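A quick write-up on the structure given underneath.
Coordinate-derived values only; no laboratory data. Because the structure is a prediction, the values reported are computed rather than measured. Neighbour counts run over all protein chains shown; Cβ positions are idealised from the backbone, glycine included.
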Amino acid sequence: MRQPGEASTARPARGAVPQPSERPRQGGVTAGAARMSIETTPLPAGRDPRTDRILAVSERLFLELGYTATSMSLVAQRAAVSKTTLYTRFSSKEELFVATIQAACRRYGTDFTPDNVADLPLEEALYRIGRRLVDLLWSSDSIMIRQSALSEASRIPLVGHLYRQAGPQRIVSALTTLFARMSHRGCVGIADPAFIARQFLAALSGGFHSVLELEIAGPPSKAERDDFTRKAVTLFIQGLCKGAA
């Protein structure tokens, strides 16, 4: 995934032949494995050049080939690192996939904590967060990797689980904490912060997002993204206030 605002021409491979992670797991991929949680400790960009290079290469490969057709050997080869270097940082392809998506979220500024907007009014806090989420959700790379994950998840449920864990689930978790704190501060009454968090993310996935997924039109301008986010946040807050009345 490129920097926010850059176009992407790569398309994910369709119908790629599934390949298991190169470091074998006992018993293979089972229903239990699909529910596992992959823990990663992402490093800030620039702290470890080799890690940054690995993540940049894995990002391109996951986009171009899809999850199942991307091997750890190919990542090591393209990143010009040894397998030992790769496995020292990411013990499996599953962990690398999660870290790759998390790195993209950080680059778009969506790997936030409620402390980042703790002192802002509710509307401004939601606008700042929502604006970053719109850039991420509407980016061509984000749409491509989501489509690829959805396609492969029908054959390998683990892929869908990993995608959800690395992206949507982390964002919803942060939003849940934010709405809970806002409710505690008395900004708005919220009985179910997790539900509200999911609805807010869904609201930002509307509009141009479906048009972009279908490739009906080109990416919206910055002004259009600004306008959409502001209107979505205003409507969302009106709904919250009405529900709390």
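Between PHE195 and SER73, the distance separating the two model label sites (each 7 Å from Cα on the Cα→Cβ line) works out to 5.1 nm.
Distance between the modelled labels on THR84 and ARG50, one decimal in nanometres: 0.9 nm (7 Å Cα→Cβ projection).
Each residue of region 79-86 was assigned a 3J(HN,Hα) from its phi angle through the Karplus curve 6.51 cos²θ - 1.76 cosθ + 1.60 (θ = phi - 60°); the sequence is 7, 6, 10, 7, 5, 4, 4, 5 Hz, with glycine and proline shown as x. According to the calculation over all Cα-Cα pairs in region 108-245, the P(r) per 5 Å bin from zero is 2, 10, 19, 22, 19, 14, 9, 5, 1, 0 %. Taken about its Cα centre, region 143-245 carries a charge dipole of roughly 340 debye when the Cβ of each Lys and Arg holds +1 and the Cβ of each Asp and Glu holds -1. Model label sites at THR177 and ASN116, defined 7 Å from Cα along the beta-carbon direction, differ in position by 1.2 nm.
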